[in-house]
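Read the structure below first, then the notes.
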Amino acid sequence: MIVYKTPEEIEIMREAAQIVSRTLGLIAEHIEVGVTPLALDKIAEDYIRSQDAIPGFLGLYDFPNTLCISVNAQVVHGIPDDRPLESGDIISVDCGSIYKGYYGDHAYTFEVGEVAQEIKDLLRVTRECLDLGITETKVGNRIGDIGYAIQQHAEKHGYGVVRDLVGHGLGTTMHEEPQVPNYGSRGRGKKIQNGLTIAIEPMINLGTERVVQMDDQWTIVTADGLVSAHYEHDVAVVNGKPEVLSTFKYVEEALSKKL
Ligand code: MG
Ligand code: MG
């Protein structure tokens, strides 16, 4: 069952999402060659707690950390470790918060040092996929329209669209109905209605769409070892149109200062 949210609930969810947005902005300031994922995780946990919120992933399904940090061929659900980041790496940082009982859940893939042009292109197209999916999130459309837009754009560039993991409804729990696949058919799936709140999160691979789970029972990696990108926004449908509750503004401000 889809739980549609009231305008008051959407305002709380906006704050939950913005706490994550500011956290990602802080992470953006600290990402550089030599930094460890575990150090970033600590920064995120401390910041979220300072905002009267709690880390949304820590302990969820027994996940051990505040951030999921997925490096290079890792797609999602990477566990932060103490391996220093190297120039040429990309890292997907996925972060959750709980604020007044509601979840924020949003992600950005960062470049570390000098990244190959082929990988920069993957990052750009994956962000475009996210924007295209958001545009489709409106009354009159169905959930399948979101995935269709994402899939078409990614596959046009020859990339693999991960099938085994999907976006999702978001609210007082991290994963609610409906599932929001990054692939699909026009006009298929549940109708989009006002009050729908979902996390849209294309996971796009440079090579094959196929993924496997590592022995840690968490980390998802590409089957061919090529890199993967992941961006995620929280979106509410208000007055028939998509309203993005999260923002990359803080990340972009931090990255522009580093140039
Ligand atoms: Mg996420
Ligand atoms: Mg999510």
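Here, each number is a calculation from the coordinates, and none is a lab measurement. Since we're looking at a predicted model, the values are computed, not measured. Neighbour counts run over all protein chains shown; Cβ positions are idealised from the backbone, glycine included.
In the range 2-135, one over the average inverse separation of all distinct C-alpha pairs is 15.5 Å, which is the Kirkwood hydrodynamic radius. Restricting to bridges with both residues inside the chain, how much of the DSSP beta-bridge set is antiparallel, in percent to the nearest 5? The antiparallel proportion sits near 95 percent. Projecting the Cα atoms of G113, Q193, P37 onto the dipole axis of the chain, where Lys and Arg carry +1 and Asp and Glu carry -1 at the beta carbon, places Q193 farthest toward the positive end.
May I ask you to work out the translational diffusion coefficient for the range 7-256 at 20 °C, viscosity 1.002 mPa s, via Stokes-Einstein with Rh from the Kirkwood sum over Cα pairs, reported in whole µm²/s?
121
For K190, a cut-off of 23 angstrom between C-alpha atoms picks up these lysines, skipping any fewer than 8 places away in its own chain: K5, K138, K241.
Computed over the range 148-236, the range of Cα coordinates on each principal axis works out to 40, 33, 18 Å, biggest value leading.
When each of the peptides 213-222, 136-145 is scored by how many other beta carbons lie within 10 Å of its residues on average, the order from highest to lowest is 136-145, 213-222.
Per residue Cα convex hull volume for the range 27-99, in cubic angstrom?
Values: hull volume 5.7 nm³, N = 73.
Hull volume over Cα atoms, normalised by residue count, gives 78 Å³.
The label point for D81 and the one for Q213, both projected 7 Å from the Cα toward the Cβ, are 1.8 nm apart.
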